[in-house]
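Okay, structure first, notes after.
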Amino acid sequence: MGLQTIFRAVIMGPPGSGKGTVSSRISQSFGLKHLSSGDILRANIQAKTGFPRTVAQAEALDTMCSVDTVINLNVPFDTIKERLTSRWVHLASGRVYNIDFNPPKIPGLDDVTGEPLIQRDDDTPDTVSRRLKAYENQTQPVLEYYRSKGVLETFTGTETNKIWPHVHAFLSKRLSGNQQDTGKA
């Protein structure tokens, strides 16, 4: 059994920027484990324990472990608004449709069951605008914190499929360099 190097990456980006998709691709491509802060956040909100995304939280994370890199998905807010307000969900299965690029065969109905699709409350235009403004206000100091530590890497684009090759190339280089530097596999 060989030694394994621990590589910790934080993925940041506004709601709807593709964090889940990029995280899934990183897990598949590099065999890394994925922990979703969004899932943790929703669980904490439901339990009423809270989970702030602040510089204090970033500093607290640093006391527990070192972060190797922070991947910032910089997607224009107008793109995200269009993406999220066009998103419809089959609640029972979790299947997601987008009326612009992945529409259901019959508008408003799930392709598999024929049941009605819903738009999540947090995907309505007013709510999306509020979420994006809150993200910007809360997260900018966190991005500056990681930039000052020299671990922030920003990837800009409007489509995950166009951003992904750049993220993949960056991580390929970082992970191969990380293994060479430590001598661990």
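The values are calculated or read from the model by the stated rules, or taken from the named source; none is laboratory data. Small disclaimer: the values here were computed from a predicted structure and weren't measured. Glycine gets a Cβ as well: all are built from the backbone with ideal geometry, and neighbour counts include every protein chain shown. Calculation scope for accessible area: heavy atoms of the full protein, side chains included, ligands and nucleic acids excluded. Shrake-Rupley method; radii C 1.70, N 1.55, O 1.52, S 1.80 Å.
Figures for the structure shown
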{"quantity": "Test: residue in the range 123-137 that is part of a helix (DSSP H, G or I), out of contact with any strand residue (DSSP E or B) (no Cβ under 6 Å at 6 or more places or on another chain), closer than 18 Å to S24 by Cα and not charged (D, E, K, R)", "calculated": "no"}
{"quantity": "Counted residues, the range 57-116 - those being aliphatic (A, V, I, L, M) and within 17 Å of Y135 (Cα to Cα)", "calculated": "7"}
{"quantity": "All helices (runs of 4 or more DSSP H) inside the range 1-118 with 3 or more residues being open to solvent by 80 Å² or more (accessible area, probe 1.4 Å) and at pLDDT below 85", "calculated": "37-46"}
{"quantity": "Pair list, Cβ under 6 Å, 6 or more apart: the range 118-133 residue farther than 24 Å from S93 by Cβ, other residue assigned to a helix (DSSP H, G or I)", "calculated": "P125/T85; L132/F77"}
{"quantity": "Residue count, the range 121-165 (criterion: among the acidic types (D, E), in contact with a Ser or Thr (Cβ under 9 Å, 6 or more places away or on another chain) and modelled with pLDDT under 90)", "calculated": "2"}
{"quantity": "Which numbered condition N161 misses (of (1) open to solvent by 90 Å² or more (accessible area, probe 1.4 Å); (2) over 21 Å from the mean Cα position of the chain (by Cα))", "calculated": "(2)"}
